[in-house]
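To keep things clear, I will list the structure first and then write my remarks on it.
Where a number appears in this text, it was derived from the coordinates with a stated rule and is not lab data. Just so you know, these numbers come straight off a predicted model, no measurement behind them. Note that we place each Cβ from the backbone using ideal geometry, even for glycine, and neighbour counts take in every protein chain shown.
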Amino acid sequence: MNDLTHRIAGLIRPEIQTLAAYHVPDSGGYIKLDAMENPYDWPPEIVHEWLAELAGAKPNRYPDARAHALKQAIRQAHQVPDSAELLLGNGSDEIIQIILMAVAGTGVTVMAPEPTFVMYRQISRCLGLDFTGVPLRADFSLDRAAMHAAIETHRPAVIFLAYPNNPTGNRFSLDEVLDIVQRAPGLVVVDEAYAPFASHSCLPLVDQYPALVVMRTLSKLGLAGLRLGYLAARPEWIEPFEKVRLPYNINVLTQLTAAFILRHPAFLEQQVQAILAERSRLHAALSALDDDLAVYPSEANFILFRLKRVDAGVVHQRLKAKGILIKNLDQAGAALAGCLRVTVGTPTENTGFLEALADALAA
Ligand SMILES: Cc1ncc(COP(=O)(O)O)c(C=O)c1O
């Protein structure tokens with residue numbers, strides 16, 4: 001070991017040294033169906049109006065630390081209950097980090113059913129927190145008895161429930177979520193990243209259940225590049241989290257753009273409808289494509305499917321060779337063995353994907 005690596009090894013916490021960084025593949029030149037983005041561009045007239053608004057931005061000044069105008073726009077657009085406060089994050093990833101930084105300490109446990117969104121575990125481990133993953137059932141529904149037992153044993157400070165869940169696509173039942181909210185000794189974060197595509201939201205319930213907070217993002221709706229997430233919660237929860245949030249975490253351009261878009265919701269709603277129609281078509285086409293595929297139901301803008309006969313890694317590579325990038329989850333643990341996840345794209349992208357998949361399975 002040379003001097004520098006020795007120095008780093010002595011300095012960086014062991015749990016960070018053993019951790020792998022979140023891997024984002026190079027997507028240049030591919031039809032990109034791996035990251036749950038909205039595939040549609042903005043209409044030219046909206047771009048025009050937006051650019052006119054951006055001309056009034058003042059990048060020489062710090063952003064509004066309270067993001068007052070943006071919070072008002074979120075409240076109106078998403079019907080946030082009057083009694084709830086909002087915490088904004090640079091993506092909902094940052095909100096997960098803020099919550100966990102606020103509770104971090106020796107012996108503190110974070111819990112989530114698994115498989116689920118990997119950042120709950122990743123950020124917990126970065127902060128030296130114990131993370132307990134409770135396996136979902138084979139059909140990816142919540143295992144109530146296992147959750148109850150794990151709550152009793154570990155007394156988690158925070159439980160994350162992705163509603164709908166990523167990467168499985170299903171939404172747990174409201175009854176199951178509320179059962180966990182009522183049993184939890186600490187906080188339950190219902191992560192509604194995929195709310196635009198789901199048939200139910202817990203947002204109206206945040207003032208009824210003291211342990212419940214709801215997290216949302218604008219990423220999946222169509223603003224992934226902006227990085228804006230929010231937490232809606234009782235003011236008592238937001239107050240300590242605000243102490244952890246960095247004062248200017250939402251930059252001038254994001255504040256202005258997000259507020260602008262929330263005041264122009266119609267075109268994004270049309271895009272969501274197009275994505276929902278394509279989700280149905282894609283689901284039906286995948287189910288009919290090959291007996292080898294098990295296709296899971298989805299309330300999100302992606303579909304998870306499992307290959308029973310052909311190796312998922314090989315199919316993933318064959319799709320890549322044809323210029324199509326989807327997510328390979330085969331290595332992500334036994335529950336996801338053989339699984340691939342495709343984001344719902346435009347009709348042309350989806351058709352291209354289906355044709356390439358049929359070829360990849362036949363090869
Ligand atoms: C369930 C869930 N929560 C949160 C996020 C993070 O979203 P962002 O940081 O873009 O707001 C994702 C992204 O894939 C997700 O799947």
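What's the local net charge at ALA57, with K and R +1, D and E -1, over the other residues with C-beta under 15 Å away? Walk me through the numbers on the way to the answer.
On the way: positive: LYS58, ARG61; negative: GLU49, GLU53, ASP64.
So the environment of ALA57 carries a net charge of -1.
Tell me, what is a quarter of the convex hull surface for the C-alpha atoms of the stretch 59-262, in nm² with one decimal?
Values: hull surface 43.3 nm².
In nm², the orientation-averaged hull projection of the stretch 59-262 is 10.8.
Per 0.36 nm of contour for each residue apart, how much would the distance between GLU355 and SER27 grow if the chain were fully extended, relative to their Cα-Cα spacing?
116.1 nm
Determine, from the Cβ-Cβ distance of SER83 and ASP292 and an R0 of 51 Å, the FRET efficiency 1/(1 + (r/R0)^6), rounded to the nearest 0.05.
Working from the Cβ atoms, E equals 0.50.
In percent, what relative contact order does the stretch 59-262 have, based on Cα pairs under 8 Å that are 6 or more apart in sequence?
30
Between the stretch 250-275 and the stretch 168-245, what's the alpha-carbon centroid distance in Å?
Their Cα centres are 20 Å away from one another.
P(r) for the chain: what percent of alpha-carbon pairs falls in each 20 Å bin, starting at zero?
Each 20 Å bin holds this share of Cα pairs: 27, 57, 16.
Once both labels are modelled 7 Å past Cα along the beta-carbon direction, what's the LYS58-VAL118 spacing in nm?
In this crude label model, LYS58 to VAL118 measures out at 4.2 nm.
Run through the DSSP bridge list for the stretch 122-250 and note the antiparallel percent, rounded to the nearest 5. Please report the intermediate quantities before stating the final value.
Details: 4 of 13 bridges.
Approximately 30 percent, going by the DSSP bridge assignments.
Could you please state, rounded to a whole Å, how far the C-alpha centre of the stretch 305-363 is from the C-alpha centre of the stretch 98-119?
Going from one Cα centre to the other spans 31 Å.
How many nm separate the modelled label positions at ARG183 and LEU51, each set 7 Å beyond the Cα in the direction of the Cβ?
Each label point lies 7 Å from its Cα, and together they span 5.6 nm.
Taking a point 7 angstrom from the Cα of ALA146 along the C-beta vector, which residues in the stretch 167-190 have backbone N less than 17 Å away?
Answer for this model: 167-173, 176-177, 180.
List the pairs from LYS220/LYS308; LYS243/LYS327; LYS32/LYS58; LYS71/LYS327; LYS220/LYS320; LYS220/LYS243 whose alpha-carbon separation is above 26 Å, in the order I gave them.
As for pairs spanning more than 26 Å Cα to Cα, those are LYS220/LYS308; LYS243/LYS327; LYS32/LYS58; LYS71/LYS327; LYS220/LYS243.
Restricting to DSSP loop positions (anything but H, G, I, E, B) with no more than 15 other Cβ atoms inside 10 Å of their own Cβ, which trypsin sites (Lys or Arg not before Pro) remain in the stretch 115-176?
ARG137
For the chain, build the charge dipole from Cβ charges (+1 Lys, Arg; -1 Asp, Glu) around the Cα centre, then report which of LEU161, THR351, SER173 sits farthest towards its positive end.
LEU161
Relative contact order for the stretch 232-311: what is it in percent, counting Cα pairs under 8 Å that are at least 6 residues apart?
It comes to 16 percent, rounded to a whole number.
Counting DSSP beta bridges with both partners in the chain, what percentage is antiparallel, nearest 5?
Rounded to the nearest five, the antiparallel share is 50 percent.
Given an 8 Å cut-off on Cα distances and at least 6 residues of separation, report the relative contact order of the chain as a percent.
22
Can you tell me the order of 55-66, 308-319 when each peptide is scored by its average per-residue count of other Cβ atoms within 10 angstrom, highest first?
308-319, 55-66
Starting from the Cα-Cα distance between THR5 and LYS243, subtract it from 0.36 nm times their residue separation and give me the gain in nm to one decimal.
Values: separation 238, 0.36 × 238 = 85.68 nm, distance 3.50 nm.
Stretched fully, the THR5-LYS243 segment lengthens by 82.2 nm.
What ranking, highest mean first, results for peptides 21-29, 222-230 when packing means the other Cβ atoms within 10 Å averaged over each residue?
Ranked by mean Cβ neighbours within 10 Å, highest first: 222-230, 21-29.
Any chance you could run the full-extension gain for ALA198 through ALA321? It's 0.36 nm times the residue separation minus the Cα-Cα distance, nm to one decimal.
Computed gain between ALA198 and ALA321 is 41.0 nm.
Where does the charge balance sit around ALA274 when Lys and Arg score +1, Asp and Glu -1, over other residues with C-beta under 15 Å from its C-beta?
Cβ neighbours under 15 Å give a net charge of -2.
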